[in-house]
Amino acid sequence: MSKRRPYVRSMDGWWKKNPFYVEYMIHESTALFVAAYAFTLLVGLVRLGQGEAAWNGWLEAMKSPLSLIFHVVFLLAIMYHTYTWFKIMPITLPPIIVGGKKVSPGAITGSGLLAAVVASVFMLGLVWRIAQ
């Protein structure tokens, strides 16, 4: 029977004691959803390379109710991940000086989110156009 050392026990849930660390851990855990969706797309790419029948099978699988539920969960997690990524961006970047003035954190976060929305709308339009 092994006994836990007292200092090890004190490390349990260390991240739960500070709201910043809680948000950080949630942000980092959403990266798993990003990876899972990337894997889903990779499987689609492999199926595309295997021929029309495999590709059509993958497309049908993507239309199933379970797949649609997963896609909604993926979307929500990726949206949160994107938001928190751009939220911490002003902290991780060196100061940006434009016209002799430091760019505000809100402007950095806002421009990053705007760029993400514009890129997403562009890609959605491109896929929609191809699908028609």
What is the gain in length, in nm to one decimal, between Ile96 and Phe70 on full extension, counting 0.36 nm per residue of separation less the C-alpha to C-alpha distance?
5.5 nm
Compute a Gaussian network model of the chain, connecting alpha carbons closer than 10 Å, and tell me which residue from Ile78, Ile96, Ile26 fluctuates the most.
Ile96
Please give the per residue accessible area of the chain, computed with a probe of 1.4 Å over protein heavy atoms only, in Å².
80
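Want the number for Ala35 to Gln50: 0.36 nm per residue separation, take away the alpha-carbon distance, what's left? Please list the in-between numbers first.
Numbers: separation 15, 0.36 × 15 = 5.40 nm, distance 2.26 nm.
Length gained between Ala35 and Gln50: 3.1 nm.
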Run the numbers on the stretch 14-131 and let me know its relative contact order in percent, using alpha-carbon pairs under 8 Å that are six or more apart.
22
For a quick check of understanding: with a 1.4 angstrom probe and all protein chains in place, what accessible area in square angstrom does Lys63 have, to the nearest ten?
130
Value at 222 nm in deg cm²/dmol, rounded to 500, when DSSP H runs of n ≥ 4 in the chain each add -39,500 (n - 2.57)
-26500 deg cm²/dmol
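Give the shape of the stretch 26-116 as rounded, prolate or oblate, defined through the alpha-carbon gyration tensor: a ≥ b ≥ c are the square roots of its eigenvalues, a/c under 1.5 means rounded, and otherwise the shape is prolate if a/b is larger than b/c and oblate if not. Let's see the in-between values first.
On the way: a/c = 3.64, a/b = 2.65, b/c = 1.38.
Note, shape of the stretch 26-116 comes out prolate.
Once you sort the root eigenvalues of the Cα gyration tensor of the stretch 53-98 as a ≥ b ≥ c, which label holds: rounded (a/c under 1.5), prolate (a/b larger than b/c) or oblate (the other case)?
On the way: a/c = 6.78, a/b = 2.99, b/c = 2.27.
Because a/c hits 1.5 or more and a/b exceeds b/c, the stretch 53-98 counts as prolate.
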Share of carbon and sulfur in the accessible heavy-atom surface of the chain [1.4 Å probe, %]:
73
Which of the aspartates and glutamates could a cross-linker span from Lys16 if the Cα-Cα distance has to be under 17 Å and same-chain partners fewer than 8 positions apart are dropped?
Glu28
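The values are calculated or read from the model by the stated rules, or taken from the named source; none is laboratory data. Model, not experiment: these values are computed from the prediction. What goes into the accessible areas is simple: the full protein's heavy atoms, side chains included, and nothing from ligands, DNA or RNA. Shrake-Rupley method; radii C 1.70, N 1.55, O 1.52, S 1.80 Å.
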